[in-house]
Amino acid sequence: MADCMGECVAQCIFRSILTIYFIVIEGLIVERRDPVIRCGRRLQHLLHLPKAMCVFADEDPGMSDDTIRMSAVALSLSFTVAIMTVLVVAVFRGSFVFWDPWILGLAVASPICVIATVWLVLALALRRERARLGKGIHTASTKETEGSALSENTRMEEHGLERSLQAIWTTMV
């Protein structure tokens with residue numbers, strides 16, 4: 001009985017922290033998408049990235065809210081784990097040593113892998129979007145269909161935070 005209660009309390013605490021995390025990401029990053037995309041485009045142009053490696057489209061909207069939300073969650077969770085690893089290792093070992101295997105593994109290599117994976121996913125998503133927009137002949141009927149699809153995507157993105165929070169709270173183990 002006590003094990004079940006402990007697991008239930010741990011689940012509620014964990015899901016509450018994730019809910020707060022998602023709300024903070026929504027407020028600080030997703031709602032400020034225009035400056036985020038503008039900064040990303042500037043960085044792409046500053047680095048002179050080839051078109052295949054770019055993750056922000058040159059034309060608006062640049063990136064969907066769901067894509068921004070997914071990347072922000074993945075990157076921020078990765079950096080949170082890295083910071084927590086450094087703090088835990090520093091507290092338990094009494095000092096901070098960069099060459100510690102825990103720090104190299106969880107605080108350095110893990111965020112680098114997450115950054116590379118998120119960048120790859122975003123670049124491939126942009127490439128698919130460019131291919132989708134570049135294919136076919138656009139007639140009046142396809143433009144109407146695209147317009148309804150765009151309005152459907154806009155409606156889905158408006159409820160992106162709700163969908164994310166429902167996903168957290170409906171998957172009780």
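How high is the relative contact order of the stretch 1-123, given as a whole-number percent (alpha carbon pairs under 8 Å, six or more residues apart)? Relative contact order here is 24 percent. Inter-label distance, residue 87 to residue 48: 4.2 nm, where each label sits 7 Å from its Cα along the C-beta direction.
If you bin all the Cα-Cα distances of the stretch 1-124 at 5 Å, starting from zero, the percentages per bin are 2, 10, 14, 15, 16, 14, 13, 8, 4, 2, 1, 0.
A straight chain from residue 165 to residue 102 at 0.36 nm per residue would run longer than the Cα-Cα distance by 19.5 nm.
Where a number appears in this text, it was derived from the coordinates with a stated rule and is not lab data. Model, not experiment: these values are computed from the prediction. Every residue, glycine as well, gets a Cβ built from its backbone with ideal geometry; the counts of neighbours run over all protein chains shown.
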